[in-house]
Every structure is written in structure tokens, then in C-alpha cells.
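Here's the structure we're looking at; comments come further down.
Nothing in this text is a laboratory measurement; each read-out follows from the coordinates by a stated rule. Just so you know, these numbers come straight off a predicted model, no measurement behind them. Heads up, the Cβs are rebuilt from the backbone with ideal geometry, glycines too, and the neighbour counts pull from every protein chain shown.
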Ligand code: PNS
């Protein structure tokens with residue numbers, strides 16, 4: 001029997017409960033799910049790659065068929081090397097769609113054998129993004145329930161270092 005493997009890519013700077021909601025849904029749909037952190041130096045992340053890997057690995061511990069990894073460069077090339085059949089993307093609102101649509105078509109152009117699968121996040125997480133979580137935390141707001149506990153710790157530490 002063949003294994004259907006998918007990749008859920010992102011910056012995960014940091015992982016939020018919205019991401020985990022998509023990871024949980026995708027992990028029940030595919031045999032194996034790779035959560036792939038894109039190493040994009042242009043984005044000037046708050047957390048190093050190692051920190052993001054640690055936060056994600058800890059947060060994905062409950063999911064037996066989820067593996068956390070990182071990749072540099074083109075997503076489809078990495079997906080090919082890991083034999084992924086699908087790219088999973090989370091959609092929160094219509095505003096996400098336009099950009100995701102372009103990326104999905106470009107990825108299909110580069111490798112028509114890999115399908116992009118869009119998953120809706122739960123309504124309770126539909127307004128959460130890594131950027132808004134960082135902004136609210138930076139302004140002293142309460143982000144309890146929006147990110148996993150390990151991210152609360154990392155954010156707390158990072159903000160006191162400033
Ligand atoms: O969490 P993000 O920042 O919205 O994730 C964006 C990501 C990493 C999925 C996207 O930028 C990506 O796929 N980067 C890898 C480089 C690549 O393949 N670019 C061409 C996309 S059509």
C-alpha cells in the first residue's frame with residue numbers, strides 16, 4: 001500500500017493555534033504530514049530557525065504522523081525530494097485567497113503532479129496570524145489561547161530581551 005504524504009509549508013514565526021488547527025485536520029487526512037519551515041532570509045524573522053523548529057516540534061508532539069523539517073529555496077523542489085503528493089495551505093478569509101491562488105497555480109506550473117489542498121481554519125482562529133500575535137504580545141496584550149504554551153514562553157523571553 002502506498003503512503004500519501006503532504007507538506008504544510010510556512011514561516012511559522014511563531015506557530016499559532018490556527019496553524020495547529022490546520023495541522024490537526026491535515027494529519028487526519030494524509031498518512032504523513034511534513035510541517036516545513038521555509039528558510040526565507042528576506043522575512044527578517046523574530047525567531048531563529050532552531051527556535052521555530054523547537055516550538056513546532058514540541059507543539060506537534062501529539063500528532064504521530066507529523067514530522068517537522070525546514071527547507072531552503074523552492075517549495076515544490078523540496079516537496080519532490082520528500083515525495084509529497086500535496087501541498088496543504090490554510091485559508092482564514094477571502095483576503096488570503098488571492099495570494100494563495102497565485103502561489104498554487106505557480107507551484108502547479110512548476111510541478112503539475114503536486115496538488116495544492118486548501119483547508120479552512122476553525123472560525124475561532126480565523127483572525128489569528130503570527131504577525132498579529134507578535135504585535136499584540138509586543139504591546140503587552142494577552143495572547144493566551146492563541147498560541148501553544150511553548151510559544152508563550154519564547155515570546156515572553158524574546159520581549160524581555162528587548
Ligand atoms: O507562513 P507564510 O510566510 O505565509 O508561508 C509562505 C511560504 C513559505 C509557504 C511561501 O513563501 C513559500 O512557498 N516559500 C518557498 C519559496 C517558493 O517556493 N516560492 C515560490 C512560491 S510560488
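Some notes on this structure:
- Taking the longest Cα principal axis of the chain as reference, the axis of helix 17-29 is set at about 30 degrees.
- Translational diffusion coefficient (Stokes-Einstein; Kirkwood radius from C-alpha pairs) of segment 1-56 at 10 °C, 1.306 mPa s, in µm²/s: 131
- Residues residue 72 and residue 3, FRET efficiency given R0 of 22 Å [Cβ-Cβ distance, rounded to 0.05]: 0.35
- Folded to 0 to 90 degrees: helix 49-59 orientation relative to the chain principal axis, Cα: 90
- A Gaussian network model of the chain, with springs between Cα atoms under 10 Å, assigns the largest mean-square fluctuation among 152, 74, 119 to 74.
- Rounded to 10°, Cα long-axis angle of helix 149-161 versus longest principal axis of the chain: 50
- Estimated inter-spin distance, residue 100 and residue 158, nm [label 7 Å along Cα→Cβ]: 2.3
- Among 139, 29, 53, residue whose mean-square fluctuation peaks in a GNM of the chain (springs only between Cα atoms under 10 Å): 139
- Residue among 30, 99, 71 with the largest mean-square fluctuation in a Gaussian network model of the chain, springs linking Cα atoms under 10 Å: 99
- Separation of alpha-carbon centers, segment 135-153 and segment 80-112, rounded to whole Å: 28
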